1. So GLU167 fits all but one of (1) assigned to a helix (DSSP H, G or I); (2) more than 16 Å from TYR232 (Cβ to Cβ); (3) in contact with a strand residue (DSSP E or B) (Cβ under 7 Å, 6 or more places away or on another chain); what number is the exception?
2. Of these, THR166, THR202, which one is over 24 Å from ARG274 (Cβ atoms), in contact with a helix residue (DSSP H, G or I) (Cβ under 9 Å, 6 or more places away or on another chain) and not assigned by TED's automatic domain parsing to the domain that holds GLY407?
3. Restricting the search to the range 253-272, which residues are surrounded by fewer than 20 Cβ atoms within 10 Å (Cβ to Cβ) and either of a type in the set (A, V, I, L, M, F, W, C) or modelled with pLDDT under 90 (or both)?
4. Select, from LEU209, LEU292, LEU223, LEU245, the only residue that is within 19 Å of ARG122 (Cβ to Cβ), outside the structural domain of ILE390 (by TED's automatic domain parsing) and surrounded by 23 or more Cβ atoms within 10 Å (Cβ to Cβ).
5. Does the range 179-214 hold any residues that are touching a Pro at 6+ places or on another chain (Cβ under 9 Å), part of a loop (DSSP other than H, G, I, E, B) and modelled with pLDDT under 90, and which are they?
6. Under 9 Å between Cβ atoms, at least 6 apart or on separate chains: pull out the pairs that start in the range 78-102 with a residue that is within 16 Å of ILE150 (Cβ to Cβ) and end on any residue that is assigned to a helix (DSSP H, G or I) and among the polar types (S, T, N, Q).
7. So, GLY382, is that one at positive phi and of a type outside the set (Phe, Trp, Tyr) or not?
Amino acid sequence: MCRLLNGQFSLVTILALGFNLSLPLFGVLVPGEENSANCLRNLAKLVSKPLAPEGNSLQEGYFRTIDEVAEEFANSKKFKSPVAWRKKTGKSGLQALDMPEEVGGKNLSASQMLKIFEYAGRYDLNLRDVPGGGHGRALMYSKNPEHKKIMEQIAKGRGYMAIAITEPEHGTDIRGMRSVAKKVEGGYELTGEKEYQARLSTASHIIILTQAPGQEGERGGKLNAFVVPKDYPGLKFKELETPALQGNSFGGVSFENLFIPESFRIGEDGEGGRIFNEHFTYWRMMQTSAALGTAKRALELMADRMRTREVNGRPIGSMTHLQQKLGRAGARLEHDTAALKEAAEAYDRGDFIEASRLAASAKALGVDDALDAVEVSLEAHGAFGMSNKIDLTQRKMDLSGLKIADGTADVLISDYVRKTFGQEFWDMGFGARKQ
């Protein structure tokens with residue numbers, strides 16, 4: 001406990017009253033009789049990083065790993081490169097945290113991983129690709145020993161997985177997928193084109209989703225998933241440019257009558273849709289948690305600016321309209337964090353239907369709120385916020401990219417409506433039109 005001259009307050013109460021502890025409104029802060037030094041240290045920590053996640057001893061250890069690499073890479077082009085980070089932290093076990101124990105992983109739960117993703121996102125949204133196995137976790141649905149070897153490499157930081165879903169014409173409309181897999185002797189022939197994909201150039205392997213055999217021309221048919229080495233003959237790549245999330249590559253891949261052996265398939269014929277849904281439920285939660293970390297740090301920078309920037313001889317923190325914006329933005333982010341926790345708990349108990357419902361809304365609203373928070377911080381920083389002396393404009397651009405990636409907000413909200421209020425609403429909007 002810490003004591004104010006006008007009463008007793010817990011740390012939580014003091015934080016709720018206001019970040020600027022020098023304000024005379026609440027009296028003079030003095031340490032209580034017990035643990036006074038520890039009390040003041042904790043208060044200093046809360047004031048400097050009031051929205052930072054607090055973890056258990058294991059999580060805090062990986063927070064320190066992230067801090068150390070961030071300090072080393074801070075003035076380097078490698079700072080935004082997830083591949084460089086993964087190689088640097090490979091021996092730490094950071095990539096193995098959410099991988100199965102059978103491939104050298106730690107098998108941490110979704111609930112435990114949320115804080116680690118959030119902490120990475122505080123530095124840069126690109127770092128959402130550093131903790132855990134990333135898209136390599138989709139191989140958990142395979143019983144193929146060769147796929148287990150790929151997972152072992154990913155867990156050691158030596159492998160990196162991309163996933164190719166989006167097509168030039170269908171975007172988020174996965175039910176309109178045109179890429180096909182034709183069954184032939186010994187395997188499949190794949191034909192199709194994927195575009196607007198991240199990680200293709202830097203990945204060691206690519207997961208490709210196609211229509212399952214026999215589904216050609218059927219909208220909403222079953223899907224297949226295949227894992228293919230990035231250097232597999234017959235894959236044709238192209239590079240695209242984007243101002244968002246530049247730490248990863250961005251581009252497309254095409255393939256025509258590409259023979260791949262049956263051993264490349266993940267799961268059984270027609271299981272690609274289930275693999276996609278369960279994997280992306282997890283992925284959306286983690287990406288959103290990283291986005292919230294990105295935005296929470298932006299608000300901490302805003303609070304610092306409000307303390308130190310003076311106008312007419314007074315700190316701009318004295319302007320209550322800025323306090324209102326800071327407080328409302330921070331509260332929304334904390335509510336989003338609680339919603340993510342509920343989704344992760346559903347995922348951890350195996351309730352994938354409920355987890356998918358909650359993750360859809362959490363990603364849509366969480367990234368929107370994160371974007372709003374960064375814009376509030378930008379406004380408080382003025383022209384300084386638009387300069388290269390602070391990374392707020394890049395945070396905004398990266399969050400804008402994530403708002404589109406892994407399911408756009410509008411589609412995810414429609415998915416939430418379907419799963420909450422009934423399938424008929426989805427059919428009204430996206431079902432086949434009556435003749």
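The values are calculated or read from the model by the stated rules, or taken from the named source; none is laboratory data. As the structure is a computational prediction, the values presented were derived from the model and not from experiment. Cβ sites come from the backbone with ideal geometry, for glycine too, and all protein chains shown count toward neighbours.
1. Going through (1) assigned to a helix (DSSP H, G or I); (2) more than 16 Å from TYR232 (Cβ to Cβ); (3) in contact with a strand residue (DSSP E or B) (Cβ under 7 Å, 6 or more places away or on another chain) one by one, GLU167 breaks only (1).
2. Of THR166, THR202, the one residue that is over 24 Å from ARG274 (Cβ atoms), in contact with a helix residue (DSSP H, G or I) (Cβ under 9 Å, 6 or more places away or on another chain) and not assigned by TED's automatic domain parsing to the domain that holds GLY407 is THR202.
3. Answer for the range 253-272, where residues must be surrounded by fewer than 20 Cβ atoms within 10 Å (Cβ to Cβ) and either of a type in the set (A, V, I, L, M, F, W, C) or modelled with pLDDT under 90 (or both): just PHE259.
4. Just one listed residue meets the conditions, LEU245.
5. If the condition is that a residue be touching a Pro at 6+ places or on another chain (Cβ under 9 Å), part of a loop (DSSP other than H, G, I, E, B) and modelled with pLDDT under 90, then ARG199, THR202 are the ones that fit.
6. ARG86/GLN95; ASP98/GLN112
7. Yes: the conditions hold for GLY382.
Conditions tested, residue by residue: (1) of a type outside the set (Asp, Glu); (2) on the phi < 0 side of the Ramachandran plot; (3) buried (at least 21 other Cβ atoms within 10 Å of the Cβ).
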| site | (1), (2), (3) |
| --- | --- |
| GLU118 | no, yes, yes |
| LEU127 | yes, yes, yes |
| PRO145 | yes, yes, no |
| LYS148 | yes, yes, no |
| GLN153 | yes, yes, no |
